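Trainee: Questions regarding the structure given below will be posed in turn.
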Amino acid sequence: MKLFTCLLPTVALGAYCNGSPQKNPKDNEMPILSDEPTFVKEVENGRLYNVNTGNNVVTIAHVFGTPMEMGKAHGELLKDTIVEFMTTLFEYLLNEITEEINNHIEPNLPPSFVEDIAEGGIEWAMDKTINITAPYTPDYFNQEIEGIARATGLSAHRLQQIHMFGEITKGACSMFGVWDEALASGKGLLQGRTLDWDMGGPFRDYPHITVYHPSEGWGNDFINLGWPGWIGSLTGMNDQLMGISEIGALWADHTFGHESRHGIPFTYLLRDILQWDKSLDDSKARVKGATRTCNLILGVGDGKINEFNSVRYSYSKADFFDDKTMEPGPWCIEETQPCDWHPHIQNAVYHGMDWNCPNYSRRLSERINEHWGNISPENAISDIIAHTCTGDVHNAVYDLTNNDFYFSVASPHVYSGVPRNAYENSYYKLDADKLFAEEKPNL
Ligand SMILES: *[C@@H]1O[C@H](CO)[C@@H](O)[C@H](O)[C@H]1NC(C)=O
Ligand SMILES: *[C@@H]1O[C@H](CO)[C@@H](O)[C@H](O)[C@H]1NC(C)=O
């Protein structure tokens, strides 16, 4: 697995990513499911539902109130699941890190992190990450974690350690935004995010959605697709018709400048976009003003103005791209080679799997071009994503015009059949208007 992309020394400079999508991938012909979620239970500040995606069950927790109250509700609704997931994940992370250190799996860890582990052990190195990101971490994240800790009996410190893993284990992933004339509808914004991450660990066994309904003064309502007890964001949309995308840029280049461990964890910054931003301009100001950490490509869509931008993101860079300015290109790899594999497409911004990743980006460009003028959530799912073979752990397509949230998840380990990857599985369509309209329980 690709652990530690965030902490890697920049060995990848001047090179292309490995790997290619399959030569002749199949359409995803699985039905898009849309039954109403099944009610499970409710507590003072939360209500739990689930949906069956065919061969996995996804829990949906609505949480209401202040950060502490929302954390508590999350913990009360899913206590046993959270304990099980977090305990399994922590052990898994320790094993993976130990294995990487002992086997010197290429590319090696950067000296600073290895030195930390040598000095005090893995947990100590994790604690150091908590400490050096703490000055950039708003307190409401810790309050929410405290709420989960009180309700589940897990220690808040352990939950904080686990929330640092975003900084050390980014995925590959792909993204796109397509709008107006590119769409079958001729008007609107459709955004995609696919998460290619770790299929060995417990992630695929615990897919979960939290729908946040913060009380007055605590920001927007928003949907967060992730795991039980996990409060960072990788995938989600908010009630301002905005969505987020993210790709770990392992195959970055000199245009990214440099990385740092001192800044806001990126999963918290993405969550702040969902929770606080009302417009793409808000997100631009937020990202540019933040003390950032590692090399990423982010994406932010705003369905009120039908704009989607991707972002070259690192400690030293925060460059926003539209369809006219999208990079990499027209020249790549230290300006020595043409990026014919990442052509500009009108009303589309996209990145396949990584920054310098020719075969995935080319495929994605071909599939977008194939459907240009006729793109819909349905063919984005059945063809554009499926033919790019991207999104093993989970995927989402945000219809930021009709306010619909489409998602798919991997099959769990206990499911031995096919399909296995999220991009091959049934998607589920949730009406975000209905999700955001959920009322606080009257207990
Ligand atoms: C990308 O595709 C080309 C053409 O099919 C192939 O020759 C090349 O090996 C592929 N690159 C990688 C990294 O797989
Ligand atoms: C992190 O900060 C806490 C509280 O200040 C301190 O007790 C601990 O030793 C620090 N740990 C590391 C690894 O820096």
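The values are calculated or read from the model by the stated rules, or taken from the named source; none is laboratory data. Just so it is clear, the model here is predicted, and its values are computed rather than measured. All Cβ positions, glycine included, derive from the backbone under ideal geometry; neighbour counts span all protein chains shown. Please note that ligands, DNA and RNA were not included when accessible areas were found on the heavy atoms of the full protein model with its side chains. Shrake-Rupley method; radii C 1.70, N 1.55, O 1.52, S 1.80 Å.
Trainee: If you count only protein heavy atoms and use a 1.4 Å probe, how large is the accessible surface of Phe308, to the nearest 10 Å²?
Mentor: Around 0 Å² of this residue is reachable by solvent.
Trainee: Here's another thing I want to ask about it. Report in % the part of the accessible area of the range 20-98 that belongs to carbon and sulfur, leaving out ligands and nucleic acids; probe 1.4 Å.
Mentor: 47
Trainee: Right, next: Scan around Leu33 for amide H atoms under 5 Å from its own, H built in the peptide plane at 1.01 Å from N, and keep only partners 5 or more places away or cross-chain.
Mentor: Under 5 Å from the amide H of Leu33: Tyr427, Tyr428, Lys429.
Trainee: Would you mind working out the accessible area per residue for the range 280-357, using a 1.4 Å probe, and quoting it in Å²?
Mentor: Roughly 35 Å² per residue, with all protein chains present.
Trainee: If you don't mind, there's one more thing I want to ask. So what's the net charge close to Leu443: Lys and Arg +1, Asp and Glu -1, counting the other residues with Cβ under 15 Å from its Cβ?
Mentor: -2
Trainee: Follow-up. Based on the alpha carbon coordinates of the chain, what radius of gyration and maximum Cα-Cα distance (Dmax) apply, in Å?
Mentor: Looking at the chain, its Cα Rg and Dmax stand at 20.2, 65 Å.
Trainee: Using a 7 Å offset from Cα along Cα-Cβ at Glu370, what residues in the range 391-408 end up with backbone N under 12 Å from the label point?
Mentor: Zone members listed by number: none at all.
Trainee: Give the share of C-alpha pairs in each 10 angstrom bin for the range 58-164, from 0 to the last occupied bin, in whole percents, shortest bins first.
Mentor: All Cα pairs, binned at 10 Å, distribute as 14, 38, 30, 16, 2 percent.
Trainee: Related question: Using a 1.4 Å probe, what is the accessible area per residue for the range 68-167, in Å²?
Mentor: Using a 1.4 Å probe on heavy atoms only, each residue of the range 68-167 averages 44 Å².
Trainee: Counting only residues 5 or more places away or on other chains, whose amide H sits under 5 Å from the amide H of Thr53 once H atoms are built in the peptide plane?
Mentor: For Thr53, the qualifying residues are Val58.
Trainee: Work through the residues other than Ser215 whose Cβ is under 10 Å from its Cβ and net out their charges, Lys, Arg +1 and Asp, Glu -1.
Mentor: Values: positive: Lys440; negative: Glu69, Glu216.
Value of the local net charge: -1.
Trainee: Okay, moving on. Given an 8 Å cut-off on Cα distances and at least 6 residues of separation, report the relative contact order of the range 336-443 as a percent.
Mentor: This gives 18 percent for the range 336-443.
Trainee: What is the magnitude of the charge dipole of the range 68-167 about its Cα centre, with +1 placed on the Cβ of each Lys and Arg, -1 on the Cβ of each Asp and Glu, and no other charges, expressed in debye to the nearest 20?
Mentor: Its charge dipole is roughly 340 debye.
Trainee: Residue farthest toward the positive end of the dipole of the range 68-167, with Cβ of Lys/Arg at +1 and Asp/Glu at -1: which of His74, His163, Ala134?
Mentor: Selected residue: His74.
Trainee: Another question, then. Could you work out the helix-only [θ] at 222 nm for the chain, with each DSSP H run of four or more residues adding -39,500 (n - 2.57) and the total divided by the number of residues, to the nearest 500 deg cm²/dmol?
Mentor: -8500 deg cm²/dmol
Trainee: Still on this structure: Under unit Cβ charges (Lys, Arg +1; Asp, Glu -1), what dipole magnitude, rounded to 20 debye, does the chain have relative to its Cα centre?
Mentor: 60
Trainee: Which links in Lys304/Lys429; Lys26/Lys187; Lys23/Lys304 stretch past 31 Å when you go from one Cα to the other?
Mentor: The answer is Lys23/Lys304.
Trainee: Keeping all protein chains in position, work out how much accessible area Lys41 exposes to a 1.4 Å probe, and write it in Å² to the nearest 10.
Mentor: Rounded to the nearest 10, the figure is 80 Å².
Trainee: Moving to a separate point now. Please turn the phi angles of the range 61-70 into ³J(HN,Hα) values with the Karplus equation 6.51 cos²θ - 1.76 cosθ + 1.60 (θ = phi - 60°), one per residue in order, whole Hz, x for glycine and proline.
Mentor: Result, rounded to whole Hz: 9, 8, 10, 10, x, 7, x, 4, 5, 5.
Trainee: For the range 122-183, just list the percent of Cα-Cα distances falling in each 10 Å bin from zero outward, please.
Mentor: Binned Cα distances yield the sequence 18, 38, 22, 13, 9, 0.
Trainee: Once the whole set of protein chains is in place, how much accessible area is left on Trp372, using a 1.4 Å probe, in Å² to the nearest 10?
Mentor: Accessible area of Trp372: about 90 Å².
Trainee: For the range 219-234, in order, what is each residue's ³J(HN,Hα) by Karplus, 6.51 cos²θ - 1.76 cosθ + 1.60 with θ = phi - 60°, in whole Hz (x at glycine and Pro)?
Mentor: x, 6, 6, 7, 9, 10, 8, x, 9, x, x, 9, 10, x, 10, 10
Trainee: Under a 5 Å amide H to amide H cut-off, with H placed in plane at 1.01 Å, what residues pair with Ile375 once short-range neighbours are removed?
Mentor: Amide H to amide H, under 5 Å and 5 or more residues apart or across chains, Ile375 pairs with Leu183, Ala184.
Trainee: What are the ³J(HN,Hα) values, in whole Hz, obtained from phi via the Karplus relation 6.51 cos²θ - 1.76 cosθ + 1.60 with θ = phi - 60°, for each residue of the range 355-368 in sequence order, with x given for Gly and Pro?
Mentor: 6, 9, 9, x, 6, 6, 5, 4, 4, 4, 4, 5, 6, 5
Trainee: Counting Lys +1, Arg +1, Asp -1, Glu -1, what net charge surrounds Lys128 among other residues with beta carbon under 11 Å of its beta carbon?
Mentor: So the environment of Lys128 carries a net charge of -4.
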